[in-house]
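As structure tokens, the structure follows; a few thoughts come after it.
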Amino acid sequence: MTLRRFGFTLTRGAWLPLAVLALWHFASADSVIVPPIGAVLDVLIHPFRDPPTLDSMPLARSAGISVVRVFFGFGLAIVTGVPLGLWIGRIQWASDVFSPSLGAAMVISPVAWIPVTILVFGLASPATVLYADEAWRHGLLDQLRFAIIAVIWMGAFFPIVLNTAAGARGVREAHIEAVRVLGANPWQVLFKVILPSAAPTILTGLRVAGGIAWRVIVAAEIFPGTRGGLGYMIATAHTQASYEYAFAGIVVIGMIGLALDGCLRLLALPVCRWQPRER
Amino acid sequence: MTALREMIRFQSVSRRFWTEARGEVWAVRDFNIRCAEEEWSCLLGPSGCGKTTLLRLAAGLDQPTEGHVLVEDVQVTRPRMDVAFLSQEGDLLPWRNVRDNVGLGLEIRGFPQAECRQRAREAIRRVRLPEETARSRVDELSGGMRQRVAVARALCVNPRVLLMDEPFARLDELTRHQLQEELMDLWLTDRQTVLFVTHSIEEAVFLADRIIVMNAGMAAVDLRVTLPRPRDRFSSDFVRMMRQVREALSQPANA
């Protein structure tokens, strides 16, 4: 897909959200639950303003905390999932050992792990590990609760592993042999053949995993012990009937999710360019 | 004239495979040949007679069940830097452009990028590809051009032994003839030891110094081709040689 085509797709994709906005406008006319678009827009265009009736941080800070949490959870899932997927995809006995367990673990909703991760990690964060009682002074570090990062990791890890394994398994043996006869060592085979060949499938896994990570964060931030993030802001807005913040949070989640997916698709452009036209 | 030294030796080589449908299958059985340096040998035979298996053993991509394959008196246990292998499909990497495919062997050997590119460009010129194809993607090329790129990639690393597995089998006749002639010109300059697998009698007679006719995994007949080069495909000697090979093909394995 070229950049121009990508832009065209984005433009066409804007019609549905616009229709939803129109529907929203009519729905909010006589409603006490659905806030008017204007109120939500007011929250969106003042992202650094402290919510007056809400025990939460400003929208931008909440979004920032969620993004950082996803960055670490998703990043950890990539760092652990891609090597494991490559291993499972290329080594038969590793596939025999891991595939049944991965298949079972994959169907468990990441949200189901939240109580488990809270039991295991409690309220621990990098700040509590490094600064113990002074942890509360280190705001962002304290927000990176291990329990939340672990839940995001759980959500993103399995699609990354399974897609990477499928990509690695699908590499043509003839391509591997072509570089082996040129004298390639196993690392060169990995970096010059297996990774480029599997890249389109790996990136598909990353897109799926990115979406799941971003969905999971909201659920994870609603659970006890969290003091920030978009999920926390939405949950607080609900309990205090500040629905414009809840809606603004939902809009921001959608926009950041779209941006994340867009980044991964842009990353995929040069990596996957060869694929559709291969004969 | 001094005798050329031995380059490749198949010593009592057998290769057995297990298949679900047929159980134990011997692709090659007690195969013995010696190829001299700068000699062009063709392995000729019907499909499934073990030609490709032998080439893979010589390339170090597979190991014999029994016996040994030696290149320059060293047992082949893995791919060697001085042996190049060219398969039927060329096996070019579709995510790399032509130049990067051709320079891949040098890149693997750790040559600086500038040198890889320069030598790749030279190799592209040698196989008579237009210079502008250097930056083309592999899937933009015709079958003949792809095989030229594969030949350039093999030659780029200056191999002493060239193993070629029916490299022109998928091409139309005109392109095949053209590439055979071009390959012959290149070989007359470089004089590598070539082991060439084909099922085309005409191709074998046109290219080879020696034709090893295979049947059921064994060397049935070993024929010398003494026709002068360049060879005329329509000369009576050429046709006579083709007939001789044709007769050899119909002989049993242990003849």
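The values are calculated or read from the model by the stated rules, or taken from the named source; none is laboratory data. Predicted, not measured: the structure shown is a model, and the values here were computed from it. Every residue, glycine as well, gets a Cβ built from its backbone with ideal geometry; the counts of neighbours run over all protein chains shown. Just so you know, the surface numbers come from the protein's heavy atoms only, side chains and all, with ligands and any DNA or RNA stripped out. Shrake-Rupley method; radii C 1.70, N 1.55, O 1.52, S 1.80 Å.
What to note about this one:
- For the segment A:182-191, counting C-beta atoms of other chains within 10 Å of every residue's C-beta and taking the mean gives 4.
- Burial ranking of peptide ranges A:230-239, B:16-25, B:240-249, A:142-151 (average Cβ count within 10 Å, highest at the top): A:142-151, A:230-239, B:240-249, B:16-25
- Over the protein assembly as shown, accessible surface divided per residue gives 49 Å², non-protein components excluded, 1.4 Å probe.
- Here the range B:133-255 was treated as a single set of alpha-carbon atoms; its pair distances binned every 10 Å from 0 give 11, 40, 34, 12, 2, 0 percent.
- Largest mean-square fluctuation among A:A209, A:A19, A:A105, in a Gaussian network model of chain A whose springs join Cα atoms under 10 Å apart, belongs to A:A19.
- Shielding of A:167-180 by partner chains, average beta-carbon count, 10 Å: 4
- Rounded to the nearest 20 debye, dipole of chain A from Cβ charges on Lys, Arg, Asp, Glu: 1200
- Here the spin labels are modelled as points 7 Å beyond Cα on the Cα-Cβ line, and at B:D30 and A:A22 they lie 8.6 nm apart.
- Straightening the chain between A:F6 and A:L141 buys 44.9 nm, computed as 0.36 nm per residue apart minus the Cα-Cα spacing.
- Computed over the range A:56-278: relative contact order in percent, which uses C-alpha pairs under 8 Å that are six or more apart: 28
- Nearest-20 debye value, the range A:55-201 charge dipole, Cβ charges on Lys, Arg, Asp, Glu: 380
- Inter-label distance, B:D222 to A:A104: 6.1 nm, where each label sits 7 Å from its Cα along the C-beta direction.
- With Rh defined as the Kirkwood radius, the inverse of the mean 1/r over Cα pairs, the Rg/Rh of chain B is 0.97.
- Projected label distance in nm at A:S31 and A:A259, using a 7 Å step from Cα toward the beta-carbon: 2.6
- Average beta carbon contacts from partner chains per residue of B:132-143, 10 Å cutoff: 1
- The angle separating the long axis of helix A:59-90 from the principal Cα axis of greatest extent in chain A is about 20 degrees.
- Each of B:I108, B:A248, B:A59 was scored by the projection of its Cα onto the charge dipole of chain B, and the greatest displacement toward the positive side belongs to B:I108; charges sit on the C-beta of Lys, Arg, Asp and Glu.
- A Förster radius of 41 Å combined with the Cβ-Cβ distance from B:E20 to A:W15 puts the calculated FRET efficiency at roughly 0.15.
- Diagonalising the gyration tensor over the Cα atoms of the range A:56-278 and scaling each eigenvalue by 5 before taking the square root yields semi-axes of 37, 19, 15 Å, largest first.
- Overall, the protein assembly as shown carries a charge dipole of about 560 debye about its Cα centre when +1 sits on the Cβ of Lys and Arg and -1 on the Cβ of Asp and Glu, all other atoms neutral.
- Radius of gyration (Cα atoms) of the protein assembly as shown, expressed as a multiple of 2.2 N^0.38 Å: 1.35.
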